[in-house]
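The values are calculated or read from the model by the stated rules, or taken from the named source; none is laboratory data. Not measured: the values here are computed from a predicted model. As a convention, Cβ positions derive from the backbone with ideal geometry for all residues, glycine included, and neighbour counts pool all protein chains shown. Protein only, heavy atoms only, side chains kept; ligands, DNA and RNA dropped before computing areas. Shrake-Rupley method; radii C 1.70, N 1.55, O 1.52, S 1.80 Å.
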Amino acid sequence: MPLKTPTVTITQQVLDFMMIEVNDADISSTFSYIIVDNNQQAIRKGNFKGQIVQLRLSHIPEGKYQFILHQNDELLTTIPFEKKSAAFDKSHLFGKY
C-alpha cells in the first residue's frame, strides 16, 4: 500500500512563533523547510522530525512570506503566511483598561 501524502498546516498570521503540523506522516521522517520573502530570498532554512514543531520567527520583519516544505527532497507544499508585529498595549500588563 503506497504511503499517503502528508497534509501540512501552519500558523497563517505569525507574531513570534509559527506552529507546523504534519498529518499522516511517518514519525521518523525528516522534513526540510525554507522560508522565502517576496523576492524569493531565503530568510530561514532548517530540518525537523516529528509531526508538530514550533519555529521562533520574532527576528524576521513584518511582511508576506512563503513556507516551503520538502520530505526526502520532494516538495510537499508551499504555503503563504504573514508575519505581524507582536506589539501590544502595555496597559494590559498593569491591569489598566
Subject >> Enumeration of residues in the stretch 27-67 that are open to solvent by less than 50 Å² (accessible area, probe 1.4 Å) and within 15 Å of Thr9 (Cβ to Cβ) >> reply: Phe31, Tyr33, Phe48, Gly50, Val53, Leu55, Phe67
**OP:** Tally the residues that are open to solvent by 20 Å² or more (accessible area, probe 1.4 Å), closer than 19 Å to Pro61 by Cα and in a strand (DSSP E or B), restricting the search to the stretch 15-26.
**Re:** 2
Original post:
So which strands (runs of 3 or more DSSP E) stay within the stretch 45-97 end to end and still have 3 or more residues that are modelled with pLDDT under 95 and polar (S, T, N, Q)?
Top reply: none
Original post:
If we keep just the residues of the stretch 1-14 that are open to solvent by 70 Å² or more (accessible area, probe 1.4 Å) and not in a strand (DSSP E or B), which is farthest from Ser85 (Cα to Cα)?
Top reply: Met1
Original post:
For the stretch 1-54, what are the residues that are in contact with a Ser or Thr (Cβ under 6 Å, 6 or more places away or on another chain) and among the aliphatic types (A, V, I, L, M)?
Top reply: Val8, Met18, Met19
